[in-house]
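A short worksheet on the structure shown next.
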Amino acid sequence: MGDSYIGRKVCGCVVAATSISGQNPTEVANDVADFIRSGLTIEKVTSEYVRLNFKGCPHDKQGKFEA
Ligand SMILES: [Zn+2]
């Protein structure tokens, strides 16, 4: 359990996620920077939210990547 950052596309889909707890802060920052470069909106959510909502984007076949 813990918090994560997600990257949300303009269509509303969660296409990226990185765990905050248990990860080196530098890696978390790098992941978030990648999300921003990909044009995603960053949100801080619970790991439970990630589990339920991180399903990729059916609107764009190339939209999903994992960090
Ligand atoms: Zn989508």
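Every number in this text was worked out from the coordinates using simple rules, so none of it is lab data. In this text, all values refer to a predicted model and were calculated from it rather than measured experimentally. Every residue, glycine as well, gets a Cβ built from its backbone with ideal geometry; the counts of neighbours run over all protein chains shown.
Placing a pseudo-label 7 Å from each Cα along the Cα-to-Cβ vector at THR26 and TYR49 gives an inter-label distance of 2.8 nm. For the chain, the share of alpha carbon pairs falling in successive 5 Å distance bins from zero is 4, 20, 32, 26, 14, 4, 1 percent.
The ranking of SER21, SER38, SER4, SER47 from fewest to most other beta carbons within 10 Å of each one's beta carbon is SER21, SER38, SER47, SER4. Stretching the chain fully between ARG37 and CYS11 yields a gain of 7.7 nm (0.36 nm per residue, less the alpha carbon separation). Ordered by the count of other Cβ atoms within 10 Å of each Cβ, fewest first, ARG37, ARG51, ARG8 give ARG37, ARG51, ARG8.
Taking 4.7 Å between beta carbons as the limit, the unpaired Cys residues of the chain are CYS11. Counting only alpha carbon atoms, the long axis of helix 25-37 and the longest principal axis of the chain meet at about 20°.
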